[in-house]
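The block underneath contains the structure these notes are about, expressed in structure tokens.
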Amino acid sequence: MTTRRILIATSNPGKLRDFAGAARAYGIEIACLPNFSSLPAVVEDSLTFEANACKKAEHYSRYVPGEIVLADDSGLQVDALGGGPGVHSARYAADAPHLVENNTDDQANNARLIRELRGIPPEKRTGRFICVIVAARDGQTLAEFRGAVEGIILDAPRGSNGFGYDPLFYFPPIQKAFAELTPEEKAQFSHRGAAFRKFLEWYEA
């Protein structure tokens, strides 16, 4: 069987690991877009995950004519923070996350989340990871796929795998934080895994 390859518009090693973990069972190889780091970057200034993912997928797909390119936008919504950090998840540690273009350090983002939720009881520390994947070709969106997973935000990190808020995201059905899972295990339960499986259904239809 020929290994199929899917191009992902990201340089984030954590996202590439997540996608590879989700794709392995299907005999699909995940590859970063060629020369991704040298391509003009997209400013993710939209108000929704869908809009940011569309913007990235359409932009980067223009650089590989005829190929389907995937881009995702994802983040954490915490109920006690009114749905924040949301689309600003990767820049949450900045003084004004909506004004900065560069992502802030994972540890700094986690530290701010812990501070913001200090004193909030466990039953009110509910939240969810959201992931929206957009497939585009030649600058046109082909389809969108959304995944979500509900969890509890811990008051201290657990585990050394994963990235982003994974050490603070506790998933009750398996009684583990996402950072305690292998990429394959995480793909089984995660928002990105759920969205990617929806993409595969569409891709293979």
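Could you figure out which of (1) closer than 21 Å to Gly147 by Cβ; (2) surrounded by fewer than 21 Cβ atoms within 10 Å (Cβ to Cβ) isn't true of Val64? All conditions are met except number (1). Scanning region 157-169 for residues that are surrounded by fewer than 19 Cβ atoms within 10 Å (Cβ to Cβ) and in contact with a strand residue (DSSP E or B) (Cβ under 7 Å, 6 or more places away or on another chain) turns up Arg158, Gly159. Here region 31-41 is the region considered, the condition is being in a loop (DSSP other than H, G, I, E, B) and under 19 Å from the mean Cα position of the chain (by Cα), and the residue that is surrounded by the most Cβ atoms within 10 Å (Cβ to Cβ) is Leu33.
Scanning region 42-66 for residues that are over 30 Å from Gly119 (Cβ atoms), modelled with pLDDT under 95 and either under 13 Å from the mean Cα position of the chain (by Cα) or not hydroxyl-bearing (Ser, Thr, Tyr) (or both) yields Val42, Val43, Glu44, Asp45. Residue by residue through region 76-102, note down the ones that are at positive phi and surrounded by 18 or more Cβ atoms within 10 Å (Cβ to Cβ). Answer for region 76-102, where residues must be at positive phi and surrounded by 18 or more Cβ atoms within 10 Å (Cβ to Cβ): just Gly86. Is it the case, given these coordinates, that Asp79 is more than 16 Å from the chain's Cα centre (by Cα), modelled with pLDDT of 95 or more and among the acidic types (Asp, Glu)? Judged against the criteria, Asp79 is a match. If you check Pro172 against the conditions, is it surrounded by fewer than 16 Cβ atoms within 10 Å (Cβ to Cβ), over 11 Å from the mean Cα position of the chain (by Cα), over 30 Å from Tyr63 (Cα atoms) and without any contact (Cβ under 8 Å) to a residue 60 or more places away in the chain? Taking the combined requirement at face value, the residue satisfies it.
Out of all the residues in region 19-30, is one or more surrounded by 16 or more Cβ atoms within 10 Å (Cβ to Cβ) and in a loop (DSSP other than H, G, I, E, B)? Before the answer, list the steps.
Narrowing region 19-30 to residues surrounded by 16 or more Cβ atoms within 10 Å (Cβ to Cβ): 19-23, 28, 30.
Filter once more, keeping what is in a loop (DSSP other than H, G, I, E, B): none.
No, the conditions are met nowhere in region 19-30.
The values are calculated or read from the model by the stated rules, or taken from the named source; none is laboratory data. In this text, all values refer to a predicted model and were calculated from it rather than measured experimentally. Counting neighbours? That spans all protein chains shown, and the Cβs are built from the backbone with ideal geometry, glycine included.
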